[in-house]
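Values in this text are rule-based calculations from the coordinates and carry no lab data. From a predicted model like this one, the values you see are computed outputs, not experimental measurements. All Cβ positions, glycine included, derive from the backbone under ideal geometry; neighbour counts span all protein chains shown.
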Amino acid sequence: MPIDDLEMRCPRLGGPVNFGYCRRCGEDGHPCFKILDCWWQRFDVVGHLKSRMPREEFEALGRKRPPVKITSLLDLIEQAQKNTGGR
């Protein structure tokens, strides 16, 4: 099974997501700020991302802080609207 197809429960969304989603759901299509926290028990996520990301981008991932809760909620609502066609 490809790594992008691995699934787990997302603590932010409350349901199952695959690693591929986590790899690109963050700001500007970058990885989620929690990707290292969530996936380290499943596989070597640090090694995987280090081998596939520019060094500066990977280091920036380690410095990211969670967004303010209201901003995060608004972003999640916007993403859900986009995924459902704006209904």
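Quick notes on this structure:
- Of the criteria (1) among the aliphatic types (A, V, I, L, M); (2) in contact (Cβ under 8 Å) with a residue 24 or more places away in the chain; (3) in a helix (DSSP H, G or I), which one Val46 fails: (2)
- Single residue of the range 8-25 satisfying the filter (in contact (Cβ under 8 Å) with a residue 12 or more places away in the chain and either closer than 15 Å to Leu76 by Cα or charged (D, E, K, R) (or both)) that is surrounded by the fewest Cβ atoms within 10 Å (Cβ to Cβ): Pro11
- For the range 1-41, the set of residues classified as in a helix (DSSP H, G or I) and in contact with a strand residue (DSSP E or B) (Cβ under 7 Å, 6 or more places away or on another chain) consists of Asp4, Asp5, Cys38, listed by residue number.
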